[in-house]
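First up is the structure itself, then whatever we jot down about it.
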Amino acid sequence: MVTWRQCSFLFFSLVCIAGFSYRFASMDTLDGRILLALKTFRLPAKISQSTTVPSTSVPPTEPKLTELLKYISWPEPPVPLQDFSLSTSAKNCDYQLWNPRENYRVGETLEVVITARDHNGKRKEYGGDFFQAKLHSKALTAGVTGHVKDNGNGSYQAIFLLPWPGEAQVHIRLIHSSEAVDVLKKKRESDPGKVYFSGYFHFNGSSEVMECNLELAGPNICEYKDPHTGEIWQCFKPQRLPCNSLIYHSMGGYRKVTNTLEDSLLSGSVTDKTISGLVPPINIMTTNSSLDLTSTLPACRPGQESPQPSGFYYNDTWTSLACKSRHFPKPNEALACLKGKDIYMFGDSTLRQWFEYLINFIPSLKTIDLHINYQSGPLLAVDANTGLALRWRAHGLPLRATKTMMADLHYEAAHLAGISGGPHTVIVLTLWAHFTTFPIRVYLERLERIRQAISSLLFRSPKTTVLIKSANTGYKSIFGSDWLSLQLDILLRAAFKGIDVTIIDAWDMTSCHYLPDNIHPGPPVIRNEVDLMLSYICPT
């Protein structure tokens, strides 16, 4: 009998993501290597409770796996932590300007050096801390993310593009110490059951509620395999009812999997804290010779790679640095863009916010009551006069949701197989928030199935528009952290590299906005995200 814990060492060594605190340096090289590795090795078959590890499993020394680990590993503490005071303290960290200049101009870069120290005030001698950095202006409602590079010795470089004229202020937060990141990484792989689900069985007037998850340990297990995708869901077998009497699904609960020291490392008192710096507000000048950063950008088309940063806010409006983004301030402009479109949205509640924005923004878009659980969908809205149909539904299991019918939970790849596609069809997808607590192996398998489904869709209907919303910031716990989200986000971008799809960079758009971090971003962020989506549906 093989349990999650017994096989987790293999999957933990498979993919330990990241490199830099905000995003990797040399992202092009990284994406290429990850994509090559994903294409050249097969993931091990899902291990059931009644089997042993298959002989076809990829050994840890396999060359492609070794190459993958080299480029996606995250620095770890040199020894296991025994004393909380030796972990990184935001109060004792600081940053200062590197090579300060008297004048700064639009299009140039600003660099600061971050020094990490522990709670005793001693400088750290190793890296792995997770910082997020932004340059912002409250007066101009402007913001841009900073790229943080880990030097591996307790110092970090934060590099900022200067995209607007006027004032700007550096803002840096320690999201997690390197020691806290180590806890997140290990618990992700060793304790996937920390989030569990409930299955509701009904038959002949009797009912039972049993625990369910992606994999369970024990002899009496009901297993449900999707006939199209092969996705597997398991529940403990009811005492009296048959396995095929599973009717409803819901979130079950959370299990405590951390000890006292680990709780201290992840507590709110040391998580997501602003660090002090010696960098005063700077004034960014523009001259007649200054180039408009967006003047030479192409129209928004599928397959474009986002630069770093992918854009910036100015006057609370997002400007893309990947393409000539548009804005749709009036409902009739958005409706004209979406005329005749058949839009399918698959994802979590952060994508449902886009659906909700559009039905609230466009008065003629009317919702149809499908008599379902709103939280998981499916949801439908139409404008009969313009031929617009807008749909949203939650992605398939695992899904933290209130009680909903199993029949309404469709796996994305299976649903995509039933869409003919074409120039009128728009697919919008996001997949990350409900996978942060599971081993990386689970996410890789899901991404591969979706990638194949999208590739098939684009093969039969190459004019179909496919948009993928990236992860956004907002999680700060053992059950969901920005660090865990970032890991999945990097894999998502790598998996779809080279395919004619568009990544909507919600990470950048949430990490540098003036609103506080929230897993469900506020209205100004959603408005800008939807405008960017419409820019790809209706490019200039």
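What the table below lists for this structure:
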{"item": "Answer residue from the stretch 127-156, given it is under 27 Å from Leu266 (Cβ atoms) and open to solvent by 50 Å² or more (accessible area, probe 1.4 Å) and is farthest from the chain's Cα centre (by Cα) among those", "result": "Asn153"}
{"item": "Residue match in the stretch 72-82 (condition: over 18 Å from Asp129 (Cβ atoms) and of a type in the set (Ser, Thr, Tyr))", "result": "no"}
{"item": "Qualifying residue in the stretch 459-466 (condition: assigned to a helix (DSSP H, G or I) and without any contact (Cβ under 8 Å) to a residue 24 or more places away in the chain)", "result": "yes"}
{"item": "Scope the stretch 395-433; condition part of a helix (DSSP H, G or I), out of contact with any Leu (no Cβ under 6 Å at 6 or more places or on another chain), among the hydrophobic types (A, V, I, L, M, F, W, C) and crowded, with 22+ Cβ neighbours inside 10 Å; matching residues", "result": "Ala413, Ala433"}
{"item": "Filter result for Glu215 (out of contact with any His (no Cβ under 9 Å at 6 or more places or on another chain), buried (at least 21 other Cβ atoms within 10 Å of the Cβ) and farther than 18 Å from Asp482 by Cα)", "result": "yes"}
{"item": "Top-ranked residue of the stretch 347-394 - restricted to ones that are part of a loop (DSSP other than H, G, I, E, B) and among the polar types (S, T, N, Q), ranked as surrounded by the most Cβ atoms within 10 Å (Cβ to Cβ)", "result": "Ser376"}
{"item": "Unique match (being in contact (Cβ under 8 Å) with a residue 12 or more places away in the chain, open to solvent by less than 20 Å² (accessible area, probe 1.4 Å) and farther than 29 Å from Pro242 by Cβ) among Val195, Val181", "result": "Val181"}
{"item": "Failed condition for Cys222, given (1) in contact (Cβ under 8 Å) with a residue 24 or more places away in the chain; (2) open to solvent by 10 Å² or more (accessible area, probe 1.4 Å)", "result": "(2)"}
{"item": "Of all residues making up the stretch 166-176, the number that are open to solvent by 10 Å² or more (accessible area, probe 1.4 Å) and under 17 Å from Lys124 (Cβ atoms)", "result": "1"}
{"item": "One residue from Ile526, Ile503, Ile519, Ile490 being modelled with pLDDT of 95 or more, in a helix (DSSP H, G or I) and among the β-branched types (Val, Ile, Thr)", "result": "Ile526"}
{"item": "Subset of the stretch 156-165 (residues that are out of contact with any Gly (no Cβ under 8 Å at 6 or more places or on another chain) and under 21 Å from Lys122 (Cα atoms))", "result": "Gln157"}
{"item": "Any hit, the stretch 121-136, residues being free of Cβ contacts under 8 Å to residues at least 60 places away in the same chain and of a type in the set (S, T, N, Q)", "result": "no"}
{"item": "Residue within the stretch 242-249 that is among the aromatic types (Phe, Trp, Tyr), under 24 Å from the mean Cα position of the chain (by Cα) and open to solvent by 20 Å² or more (accessible area, probe 1.4 Å) present", "result": "no"}
{"item": "Number of the exception - Ala471 against (1) closer than 20 Å to Ala506 by Cα; (2) touching a strand residue (DSSP E or B) at 6+ places or on another chain (Cβ under 8 Å); (3) of a type outside the set (Ser, Thr, Tyr)", "result": "(2)"}
{"item": "Condition met for Ser73 (touching a helix residue (DSSP H, G or I) at 6+ places or on another chain (Cβ under 8 Å), of a type in the set (Ser, Thr, Tyr) and either on the phi < 0 side of the Ramachandran plot or open to solvent by less than 40 Å² (accessible area, probe 1.4 Å) (or both))", "result": "no"}
{"item": "Single match in Thr502, Thr465 (criterion: under 21 Å from Arg391 (Cβ atoms) and under 19 Å from the mean Cα position of the chain (by Cα))", "result": "Thr502"}
{"item": "Residue match in the stretch 225-237 (condition: out of contact with any helix residue (DSSP H, G or I) (no Cβ under 9 Å at 6 or more places or on another chain) and assigned to a loop (DSSP other than H, G, I, E, B))", "result": "no"}
{"item": "Any hit, the stretch 93-110, residues being buried (at least 24 other Cβ atoms within 10 Å of the Cβ) and at negative phi", "result": "yes"}
{"item": "Enumeration of residues in the stretch 182-214 that are farther than 30 Å from Gln82 by Cα and among the β-branched types (Val, Ile, Thr)", "result": "Val209"}
{"item": "The stretch 259-278 residues that are within 22 Å of Val112 (Cβ to Cβ) and of a type in the set (S, T, N, Q), paired with ones that are open to solvent by 40 Å² or more (accessible area, probe 1.4 Å) and not in a strand (DSSP E or B) (beta carbon under 9 Å, 6 or more apart)", "result": "Ser276/Lys91"}
{"item": "Exclusive hit being closer than 17 Å to Ser306 by Cα and among the β-branched types (Val, Ile, Thr), set Ile468, Ile478, Ile427, Ile440", "result": "Ile468"}
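Let's see how each residue does on (1) touching a residue at least 24 places away in the same chain (Cβ under 8 Å); (2) among the small types (Gly, Ala, Ser); (3) open to solvent by 10 Å² or more (accessible area, probe 1.4 Å):
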| position | (1), (2), (3) |
| --- | --- |
| Phe435 | yes, no, no |
| Gln452 | yes, no, yes |
| Ser477 | yes, yes, yes |
| Leu491 | yes, no, no |
| Ile499 | yes, no, yes |
| Asp531 | yes, no, no |
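The values are calculated or read from the model by the stated rules, or taken from the named source; none is laboratory data. This one's a predicted model, so the numbers in the text were calculated from it and none came from an experiment. So basically every Cβ, Gly included, is an ideal-geometry build from the backbone, and we count neighbours across all protein chains shown. Ligands, DNA and RNA are stripped out before the accessible areas are found, and what is left, the full protein with its side chains, is counted by its heavy atoms. Shrake-Rupley method; radii C 1.70, N 1.55, O 1.52, S 1.80 Å.
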